[in-house]
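Read through the structure below, which is laid out as structure tokens, and then see the notes.
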Amino acid sequence: MRKNNQFYARRIHRFLGVFIGIQFLFWTISGLYFSWTDIDEIHGDHFHQDHMMHMPATHLVNPASLDSTLEIASLELRFVKHQPYYWVNSEKLYHAQTGLAKGGISEVEAKEIAKIYIKGDFEIKSVEYLTETGSHHEYRGRPLPAWAVNFDHPENLTAYIDAKSGNFERVRHRNWRWFDTLWMFHTMDYAGRDNFNNLLLRAFSLFGLFTIGSGFTLFFMTLKKSKKAK
């Protein structure tokens with residue numbers, strides 16, 4: 001019986017060791033990468049301007065006069081291409097000095113906004129209009145529709161501009177994409193990347209405990225066997 005127990009313990013230990021060994025390697029590699037990187041650089045803070053210099057917002061119209069049929073639930077003053085706009089109800093822009101409604105951000109305007117926010121005089125190589133993004137897209141979870149402005153840069157810079165509000169949302173680059181891929185392996189959320197409480201991660205954590213437990217079992221079995229042999 002003891003021999004059978006030891007045999008099965010070895011089989012379980014070897015099986016679990018091979019099964020979770022690759023994932024433990026991913027955890028180690030990703031953990032090392034995270035600990036040796038600057039999170040501000042990963043976010044791309046060094047690629048975009050820290051402070052925007054806008055003209056003073058003077059002679060603004062009364063928001064109540066924008067549209068007689070408009071019921072204002074939320075109002076925000078923001079700048080689009082250095083011009084003041086009212087962002088009303090999180091869905092529409094009105095020029096804050098003329099009161100005229102703006103239909104949205106054009107491709108030309110998206111390029112201009114991206115160039116204002118991104119440091120350096122880089123050429124724009126392509127622009128993409130996004131109406132939907134998948135769970136693995138680098139712009140996932142952000143406002144849509146949006147413009148993806150791709151720069152001719154060694155790190156493949158992409159600036160994302162909200163096509164409704166004109167807001168500069170995010171900048172993505174090569175190191176961020178490496179970080180995002182390693183983050184997926186670290187969290188084991190292969191469906192959406194950002195769920196740290198998924199069942200697969202919990203299962204592998206338990207398998208890790210079982211592997212350690214089977215290793216201790218083998219150790220004590222071998223220890224008892226060696227004592228009896230003496």
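The values are calculated or read from the model by the stated rules, or taken from the named source; none is laboratory data. Bear in mind the structure is a predicted one, so any value in this text is a computation, not a measurement. Virtual Cβ from ideal backbone geometry, glycine too; neighbours counted across all protein chains shown. Note: accessible area is taken over every heavy atom of the protein model, side chains too, but ligands, DNA and RNA are not part of it. Shrake-Rupley method; radii C 1.70, N 1.55, O 1.52, S 1.80 Å.
Data overview
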quantity: Length gained when the stretch residue 69-residue 91 is fully extended (0.36 nm per residue, less Cα-Cα span); calculated: 6.4 nm
quantity: Counted charge near residue 152, where neighbours are those whose Cβ lies closer than 14 Å (Asp, Glu -1; Lys, Arg +1); calculated: +1
quantity: Taking the range 45-172 and dividing mean pair separation by its residue count, relative contact order in percent (alpha carbons under 8 Å, at least six apart); calculated: 21
quantity: Sulfur and carbon atoms: percent of accessible area, the range 45-172 [1.4 Å]; calculated: 48
quantity: Protection proxy ranking of 167-177, 20-30, 102-112 - average other beta-carbon atoms within 10 Å, highest first; calculated: 167-177, 102-112, 20-30
quantity: Computed FRET value (nearest 0.05) for residue 190 with residue 37, which takes r as the C-beta separation and R₀ as 22 Å; calculated: 0.50
quantity: Whole-Hz couplings from phi, Karplus 6.51/-1.76/1.60, listed for the range 160-173; x for Gly and Pro; calculated: 10, 10, 5, 6, 9, 9, x, 6, 6, 8, 8, 10, 10, 8
quantity: Point-to-point label distance, residue 137-residue 108, nm (Cα→Cβ direction, 7 Å offset); calculated: 2.6
